[in-house]
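Heads up: the structure comes next, in structure tokens.
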Amino acid sequence: MSRPLLNVEDYRRLAKKTLPRTVFDYLDGGADDEKGLRHNRAIFDRWRFTPHRLVDISQRDISRRLFERRWDAPFAIAPTGFNGALWPDGDLILAKAAARANVPFLLSTAANLSIEALARGADGEKWFQLYVVQQTLAEQLVKRALGAGYTTLIITVDVSVNGNRERDLRNRFTLPVRYTPSLLLSGIAHPQWSLRFLRSGMPELANFKTSENHALEAQAAVMNRQMDASFNPESLRRIRDIWPHRLLVKGIIRPEDAAICTECGADGVILSNHGGRQLDYALAPIETLAGTVERITQPVLIDSGFRRGSDIVKALCLGAKMVLLGRATLYGLAARGAQGVDEVIGLLKADIDCTLAQIGCPSVEALSPDYIQRTDSSDGSPL
């Protein structure tokens, strides 16, 4: 009898069994000693709920209004690269799942499906995440996204150099994935994964295969996450000038940097430490969330470390407008394909609803700091 899949960690365990080690470590790993990776999870323990009682919670609403649209849940599918290494057509699977769930989907520059192909293949509102390798190429990608009907542009600013991801270095993992002897041996032990990719082939960087954007140096830079290290406020303003719709900046930790982004015309920010994959020992975004919400009036979104609905509710209590899910839905994708993504989204929706009931709050929109209290993580006592 198979073990029931009750939470994101269960899908993580199944993904670990399903994927070759090199691919799983790429998905699961972080920078250096991975203490930042663990801190992103441990930090949630420092906030405890203070439930209200004698409240009518017979009807509960987990939907969230953001940017003049009502979404069915307060989370989105984060931009993640090389999803095709987890499951063929991984980007399209995630986008279609987001459309079914009525939540935003963010396509990465490093996707295995092009901007145009994703727009043709999936319904729902589509957002595009931009890695700025160099300004001319960035402007070309922005214009392609505009032409394909994307509504929101997200500029990631925390990857000017690649994080020291030691799991990938030990595994000699390269992007795009190549058929190395170690991968072939691991593939024998993971026959279902191997069969899928024998049929579909290894994924490539689809956004760099057009005649306009085929430069090998640009592809190499994205593979190694070596972006424009000179990107500054003036660079942000130049992109703002050519993008007429919503623009968010992702990779922010400090409230003052969030203020700079909005002064340059950003419509909001996404607090993120890149899921612990760039800088070990970085603060978790949730630690600066309240301060950022106090500093700017534009929406503040957040990612890094979210695995349960209660994690999401805590961030909403602290002022986040929406949470972005990266590894959580990728574990579902790697474990069970489209079914796994739908299941992870469903269980997180149910977990948010249950948490609202448990704390005596009838809707996501009514959440506030009044429902939580920060504690000393060592013994649970108030700070």
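Evaluating ASP342 against the criteria (1) closer than 30 Å to GLY84 by Cβ; (2) touching an Asp or Glu at 6+ places or on another chain (Cβ under 9 Å); (3) surrounded by fewer than 20 Cβ atoms within 10 Å (Cβ to Cβ) leaves one unmet condition, (2). Between PHE105, PHE82, the distinction of being out of contact with any Ser or Thr (no Cβ under 9 Å at 6 or more places or on another chain), closer than 26 Å to TYR131 by Cβ and surrounded by 21 or more Cβ atoms within 10 Å (Cβ to Cβ) belongs to PHE105 only. Scanning region 321-333 for residues that are buried (at least 24 other Cβ atoms within 10 Å of the Cβ) and not in a helix (DSSP H, G or I) turns up MET322, VAL323, LEU324, LEU325.
The residue of region 85-102 that is farthest from VAL132 (Cα to Cα), among those that are of a type in the set (D, E, K, R) and over 15 Å from the mean Cα position of the chain (by Cα), is ARG100.
Just one of the numbered conditions (1) crowded, with 17+ Cβ neighbours inside 10 Å; (2) touching a Phe, Trp or Tyr at 6+ places or on another chain (Cβ under 8 Å); (3) of a type outside the set (A, V, I, L, M, F, W, C) is not true of LYS35: (1).
For every residue, the table says whether it meets (1) outside any helix (DSSP H, G or I); (2) over 30 Å from ASN162 (Cα atoms).
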position	(1), (2)
ALA284	yes, no
PHE306	yes, no
LEU316	no, yes
ALA335	no, no
GLN339	no, yes
ALA350	no, yes
GLN373	yes, yes
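Residue pairs whose Cβ atoms lie under 9 Å apart, separated by 6 or more positions or on different chains, with the first residue in region 166-189 and in a helix (DSSP H, G or I) and charged (D, E, K, R) and the second exposed (fewer than 15 other Cβ atoms within 10 Å of the Cβ) and at pLDDT 70 or above, are GLU166/ASP33; ASP168/THR174.
Annotation note: of LEU153, LEU130, LEU141, LEU184, the sole residue that is modelled with pLDDT of 85 or more and either more than 29 Å from LEU37 (Cα to Cα) or surrounded by fewer than 16 Cβ atoms within 10 Å (Cβ to Cβ) (or both) is LEU141. Tallying residues that are over 27 Å from LEU367 (Cα atoms) and outside any helix (DSSP H, G or I) within region 17-50 yields 8. The number of residues in region 195-207 that are touching a residue at least 24 places away in the same chain (Cβ under 8 Å) and either part of a helix (DSSP H, G or I) or among the acidic types (Asp, Glu) (or both) comes to 7.
For (1) closer than 18 Å to TRP87 by Cβ; (2) among the aromatic types (Phe, Trp, Tyr); (3) touching a helix residue (DSSP H, G or I) at 6+ places or on another chain (Cβ under 6 Å); (4) at pLDDT 85 or above, each residue gets a yes or a no:
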residue: ARG165; (1), (2), (3), (4): no, no, no, yes
residue: PRO176; (1), (2), (3), (4): yes, no, no, no
residue: PRO191; (1), (2), (3), (4): yes, no, no, no
residue: SER200; (1), (2), (3), (4): yes, no, no, no
residue: PHE208; (1), (2), (3), (4): no, yes, yes, no
residue: SER211; (1), (2), (3), (4): no, no, no, no
residue: LEU216; (1), (2), (3), (4): no, no, no, no
residue: VAL222; (1), (2), (3), (4): no, no, no, no
residue: ASP228; (1), (2), (3), (4): no, no, no, no
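Please verify whether region 51-65 includes one or more residues that are in a helix (DSSP H, G or I) and either in contact (Cβ under 8 Å) with a residue 60 or more places away in the chain or surrounded by 17 or more Cβ atoms within 10 Å (Cβ to Cβ) (or both). Among the residues of region 51-65, not one is in a helix (DSSP H, G or I) and either in contact (Cβ under 8 Å) with a residue 60 or more places away in the chain or surrounded by 17 or more Cβ atoms within 10 Å (Cβ to Cβ) (or both), which makes the answer no. Of all residues in region 100-116, those that are part of a strand (DSSP E or B) and under 19 Å from GLU139 (Cα atoms) total 2.
Scanning region 232-276 for residues being under 19 Å from the mean Cα position of the chain (by Cα), assigned to a helix (DSSP H, G or I) and not small (Gly, Ala, Ser) gives a total of 1.
Can you name the residue in region 286-304 that is among the hydroxyl-bearing types (Ser, Thr, Tyr) and outside any helix (DSSP H, G or I) and, of all such residues, is surrounded by the most Cβ atoms within 10 Å (Cβ to Cβ)? For region 286-304, the residue satisfying everything is SER304.
The values are calculated or read from the model by the stated rules, or taken from the named source; none is laboratory data. Remember, predicted model here, so these are calculated numbers, not experimental data. We place every Cβ from the backbone using ideal geometry, glycine too, and count neighbours over all the protein chains shown.
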